[in-house]
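Peer 1: Here you go, one structure.
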Amino acid sequence: MLIAISSPTPLADEATIINALFDEGLETLHLRKPDLEADEMKKLIEHVKPQFHHRIALHQHHEMAGDLGINRLHFTEGKRKEMNVGELARLKGSDNMLSTSIHRTESYRNLSSYFDYAFFGPVFNSISKQGYVSTLSDGFVFPVRLNLPKVIALGGIDASNIQRARDMKFDGVAVLGAIWKKPDEGIAQFKLIQKAWKQADRQF
């Protein structure tokens, strides 16, 4: 899985870039805008081509998902801990894809199988967040288990280290800073990342 995460803050021509990413074959975009009001979020999504809405995962304002043709919902680690199995079962029963975030391998072992995948990071030193550095040891391999959610590497992902992430047994990668740090170069960077991902996935 190759996932892109949006810039946390609004950007000029952001919907245009998002549409271009989807046109280039982006599988899933996680829309994470922690400070954006619901009406502004809706406005941004409405500027994304309708045929791509089902590839968007919402981090906030889940209540608008159905009206916009979105069935992917993401839950932070804190929000996940507030939820019970009944809530997860109800959401999953509505044909939603559910994701969450973890930062320790121990958290993975306790994840509900109602989640389709989980972000784990930082795997490498972050490109977008200063001081958000990896603490993984050399030779780290993620202890993936059967019947548990897929695990997506997050943090410092670019074309140069995707093979390393795959060697760590991650099911996919999520990119943020490599695309959005210089938005005018974002599409070119995505193409490089996409090529590296396809090569690494073939060798897996």
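The values are calculated or read from the model by the stated rules, or taken from the named source; none is laboratory data. Note that the structure is predicted; figures quoted are calculated from it, not measured. In this analysis, Cβ positions are derived from the backbone assuming ideal geometry, glycine residues included, and neighbour counts consider all displayed protein chains.
Peer 1: Which residue out of Phe115, Phe142, Phe124 is within 26 Å of Leu31 (Cβ to Cβ), within 14 Å of the chain's Cα centre (by Cα) and of a type in the set (Phe, Trp, Tyr)?
Peer 2: Phe115
Peer 1: Hey, can you tell me all the residues within the range 156-195 that are surrounded by 18 or more Cβ atoms within 10 Å (Cβ to Cβ) and assigned to a helix (DSSP H, G or I)?
Peer 2: Ile162, Ala165, Arg166, Gly177, Ala178, Ile179, Trp180, Gly186, Gln189, Phe190, Ile193, Gln194, listed by residue number.
Peer 1: Can we say Lys191 is basic (Lys, Arg), within 15 Å of Met1 (Cβ to Cβ) and either touching a residue at least 60 places away in the same chain (Cβ under 8 Å) or out of contact with any Pro (no Cβ under 9 Å at 6 or more places or on another chain) (or both)? I'd like the intermediate steps shown before the answer.
Peer 2: Working: basic (Lys, Arg): yes; within 15 Å of Met1 (Cβ to Cβ): no; either touching a residue at least 60 places away in the same chain (Cβ under 8 Å) or out of contact with any Pro (no Cβ under 9 Å at 6 or more places or on another chain) (or both): yes.
So Lys191 does not fit the description; no.
Peer 1: Given the condition closer than 20 Å to Ser6 by Cβ, of a type in the set (Val, Ile, Thr) and either surrounded by fewer than 16 Cβ atoms within 10 Å (Cβ to Cβ) or modelled with pLDDT of 95 or more (or both), answer yes or no: does some residue in the range 146-154 qualify?
Peer 2: The initial filter retains those residues of the range 146-154 that are closer than 20 Å to Ser6 by Cβ, namely 152-154.
Filter once more, so that each one left must be of a type in the set (Val, Ile, Thr): 152.
From the residues that got through so far, the ones that are either surrounded by fewer than 16 Cβ atoms within 10 Å (Cβ to Cβ) or modelled with pLDDT of 95 or more (or both) too are 152.
Yes.
Peer 1: Here are Lys129, Lys191, Lys182: which of them is of a type in the set (Lys, Arg) and touching an Asp or Glu at 6+ places or on another chain (Cβ under 8 Å)?
Peer 2: Numbers: Lys129 fails: touching an Asp or Glu at 6+ places or on another chain (Cβ under 8 Å); Lys182 fails: touching an Asp or Glu at 6+ places or on another chain (Cβ under 8 Å).
Only one candidate qualifies: Lys191.
Peer 1: Kindly indicate which of Leu31, Leu73, Leu36 is more than 16 Å from the chain's Cα centre (by Cα) and modelled with pLDDT of 95 or more.
Peer 2: Values: Leu31 fails: more than 16 Å from the chain's Cα centre (by Cα); Leu73 fails: more than 16 Å from the chain's Cα centre (by Cα).
Matching residue, one of Leu31, Leu73, Leu36: Leu36.
Peer 1: Hey, does the range 122-141 have a residue that's touching a residue at least 24 places away in the same chain (Cβ under 8 Å) and outside any loop (DSSP other than H, G, I, E, B)?
Peer 2: Looking for residues that are touching a residue at least 24 places away in the same chain (Cβ under 8 Å) and outside any loop (DSSP other than H, G, I, E, B), one finds none in the range 122-141, hence no.
Peer 1: Charged (D, E, K, R), surrounded by 13 or more Cβ atoms within 10 Å (Cβ to Cβ) and more than 20 Å from Met1 (Cα to Cα), is that true of Arg32? Before the answer, list the steps.
Peer 2: On the way: charged (D, E, K, R): yes; surrounded by 13 or more Cβ atoms within 10 Å (Cβ to Cβ): yes; more than 20 Å from Met1 (Cα to Cα): no.
So Arg32 fails the test.
Peer 1: While we're looking at this one, here's another question. Could you pull out the residue among Val141, Val123, Val133 that is surrounded by fewer than 16 Cβ atoms within 10 Å (Cβ to Cβ), under 20 Å from Asp201 (Cβ atoms) and among the β-branched types (Val, Ile, Thr)? Give the derivation first.
Peer 2: Details: Val123 fails: surrounded by fewer than 16 Cβ atoms within 10 Å (Cβ to Cβ); Val133 fails: under 20 Å from Asp201 (Cβ atoms).
Only one candidate qualifies: Val141.
Peer 1: Collect the residues in the range 44-68 that are among the charged types (D, E, K, R) and surrounded by fewer than 16 Cβ atoms within 10 Å (Cβ to Cβ), keeping them in residue-number order. Even if it seems obvious, please write down each step before you answer.
Peer 2: Restricting attention to the range 44-68, the residues satisfying the condition of being among the charged types (D, E, K, R) are 46, 49, 55, 63, 67.
Scanning the range 44-68 gives Glu46, Lys49, Glu63, Asp67.
Peer 1: Another question, if that's okay. Tell me which strands (runs of 3 or more DSSP E) are completely within the range 1-102 and hold 3 or more residues being without any contact (Cβ under 8 Å) to a residue 60 or more places away in the chain and closer than 25 Å to Ala188 by Cβ, or say none if there are none. Let's see the steps before the verdict.
Peer 2: Numbers: elements: 2-5, 28-31, 56-58, 72-75, 97-102.
It comes to 28-31.
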